[in-house]
Amino acid sequence: MPHRVWKHECPDCEGKSKTLGVERCPDCGTLGEFDGWGCTGIEMMGRYQRVTGLPPIGPHRKHLPPLTLRCYDCQGRGMVDVNHGERYRYCPSCMGTGLFLIRTPEEMEEIRCQAQEIIRRAREENDGGG
């Protein structure tokens with residue numbers, strides 16, 4: 001479910017920022033700056049699978065070439081803010097996925113076949129090793 005996110009610049013984070021689904025940082029107690037809308041990791045995984053037709057995790061991932069680009073209009077979030085946090089709407093540019101496929105259908109078919117072969121071999125290795 002889309003939710004509001006805040007960017008935190010905590011003193012204890014050594015100059016690094018973090019984005020959280022709460023306005024007040026649970027570590028240092030400071031208020032963050034509203035940073036738009038986010039979604040859960042499970043939702044992001046589902047979007048990746050919807051766009052690529054591939055499982056979002058597994059042994060094949062490290063062997064894949066780049067498949068997608070993040071949507072420029074929503075910065076890969078899949079939704080855009082309406083009235084500074086009042087509500088959101090799904091990004092019309094990427095249809096709410098946050099991603100654009102950068103491979104042709106023919107390339108994707110070959111990549112999917114290669115990925116399935118890698119997954120099959122990994123399963124065989126795991127089954128044989130136990």
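Inverting the mean 1/r over all pairs of different Cα atoms, compute the Kirkwood radius of the chain and quote it in Å. Taking the inverse mean of 1/r over all distinct Cα pairs, the chain comes out at 17.1 Å. The amide H of residue 99, built 1.01 Å from its N in the peptide plane, has 71 as neighbours under 5 Å, considering only residues 5 or more places off or on other chains.
For the stretch 41-57, the Karplus equation 6.51 cos²θ - 1.76 cosθ + 1.60, evaluated at θ = phi - 60°, returns couplings of x, 4, 5, 5, 5, x, 5, 4, 5, 5, 6, 9, x, 10, x, x, 9 Hz by residue, with Gly and Pro reported as x.
Label separation (residue 23 vs residue 122): 4.2 nm, computed from points 7 Å beyond Cα along the C-beta direction. First measure r as the distance between the Cβ atoms of residue 87 and residue 42, then evaluate 1/(1 + (r/R0)^6) with R0 = 22 Å and state the FRET efficiency to the nearest 0.05. With a Förster radius of 22 Å, E is 0.50.
Kindly provide the helix-only [θ] at 222 nm of the chain, computed as the sum of -39,500 (n - 2.57) over DSSP H runs of four or more divided by all residues, to the nearest 500 deg cm²/dmol? Walk me through the intermediate numbers first.
Values: 2 runs with 36 residues, N = 130.
Computed mean residue ellipticity for the chain: -9500 deg cm²/dmol.
Potential lengthening of the chain between residue 103 and residue 61 amounts to 13.6 nm, from the contour at 0.36 nm per residue minus the alpha-carbon distance.
Since every read-out is calculated from the coordinates, none of them should be taken as a lab result. Predicted, not measured: the structure shown is a model, and the values here were computed from it. Using ideal geometry, Cβ is built from the backbone for each residue, glycine included, and neighbour counts are taken over all protein chains shown.
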